[in-house]
Amino acid sequence: MALSEAYAPINALQSYLLLLTVVLILLMTLFAAIAAQRLMRPIDVMIERSRLVFEGESEVGSGDLNPELETIAQDELGELAQIFNDMASQLRQKTATIAQKAQENEMLLLNILPRPVMERWRQGETRIVEQAQQVTVVVIQIVGLAKSTEQQGYQTVANGFNEFIAQLDDTGEKWDVERLDCFGNRYIAACGLTQPRLDHVKRAVDFAQQALNLAKGVNQKYNLGLNLRIGIHTGAVTTALIGQKKFRYDLWGEPLNIASQLEQQAQINTIRVTQAVCDRVQDLFSFEPDKSIILEDKRILPTWVLGQAGMRDSIGEPSFGLSFDNQDSPNTHTKKDNG
């Protein structure tokens, strides 16, 4: 027998074992890859979901995705997924709480600052000083709070007074008349301050008339005896954010000083204005001459009172198309009142 013939079975076994080894290696490699993929899939998903959560693209942020993982497996990966779900749930709750607090803080700031000033303050500006050349200031003195409290009780007066101020704020928002201060029995507002308006004088007079109507409605509802003294003047003012820890948005200038003096000397439930206001809107309202006032610099200032013919029981919609930013429709015109 030849040597090759004698070794033929051994060579065949060797080839078979080599082929079997290669096949086993391939199978083990494939099995290891599948096992590794199944092992890494939850981890990859967890990494991706974590990235989405912290980038604000999941339910925690925009609400488009659900960051929770399935926890079917009862092994270490299942426990890790449960921990991740608990963390995501807590993050959602904290994010919702932060959003709610931010909204509440914004509402509180809007009670102190106009929105444009608030936005600048939130961006880091602390020294905000501006001058506005075309502003109309309305100063309202509310008379009769003490007497009404004696007659109706403090709770009834507080409810009525709160409703009256809220209605004034809503009316001011409608007419772009911003409340600057409300302390004690004085309510100070301005038109044309942060939102320039060409018809700021008319809007201020309309707001003052509506204030009288609102006071009448509150008196009837709560059986109160509230009356108003109103002064209006127009001109240039200076505004500034005053204070650091306890700040306020303050305004000063001749319009505020003169409007305050006008309301102090006005008759009950009358609107007293200066010559500058009368000249601007004399074609829209009926005015009657009143006694002049003497300013601190000894100047004599003529004043006017909105006549009964100009006291409208209902105020129309505000005129649009008169803002400097041209954001409103230019097709609506102001209706004139011939008195």
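Selection of region 191-238 for residues being surrounded by fewer than 24 Cβ atoms within 10 Å (Cβ to Cβ) and among the polar types (S, T, N, Q) yields Thr194, Gln195, Gln209, Gln210, Asn213, Asn219, Gln220, Asn223, Asn227, Thr238.
Reported count of residues in region 252-307, each being basic (Lys, Arg) and surrounded by fewer than 16 Cβ atoms within 10 Å (Cβ to Cβ), is 3. Among residues of region 176-226 being part of a strand (DSSP E or B) and at pLDDT 90 or above, the one that is farthest from Met118 (Cα to Cα) is Arg186. All conditions but one from (1) in a helix (DSSP H, G or I); (2) at pLDDT 80 or above apply to Glu119; the one that does not is (2).
Mind checking whether some residue in region 55-69 is touching a Leu at 6+ places or on another chain (Cβ under 9 Å), modelled with pLDDT of 75 or more and either farther than 30 Å from Ile230 by Cα or surrounded by 11 or more Cβ atoms within 10 Å (Cβ to Cβ) (or both)? No, region 55-69 has no match at all. Checked against (1) surrounded by 17 or more Cβ atoms within 10 Å (Cβ to Cβ); (2) modelled with pLDDT under 90; (3) among the β-branched types (Val, Ile, Thr), Thr126 passes all but a single condition, namely (1).
For the residues Gly160, Gly172, the requirement of being in a helix (DSSP H, G or I), without any contact (Cβ under 8 Å) to a residue 60 or more places away in the chain and surrounded by 17 or more Cβ atoms within 10 Å (Cβ to Cβ) singles out Gly172. Report whether or not Leu322 is modelled with pLDDT under 70, surrounded by 17 or more Cβ atoms within 10 Å (Cβ to Cβ) and farther than 16 Å from Ile230 by Cβ. Yes: the conditions hold for Leu322.
For Phe183, the conditions (1) surrounded by 21 or more Cβ atoms within 10 Å (Cβ to Cβ); (2) free of Cβ contacts under 8 Å to residues at least 60 places away in the same chain; (3) over 18 Å from the mean Cα position of the chain (by Cα) all hold with the exception of (1).
The values are calculated or read from the model by the stated rules, or taken from the named source; none is laboratory data. The shown structure was predicted, so the numbers you read here are calculated from the model rather than taken from an experiment. Note: ideal-geometry Cβ built from the backbone for every residue, glycine included; neighbour counts use all protein chains shown.
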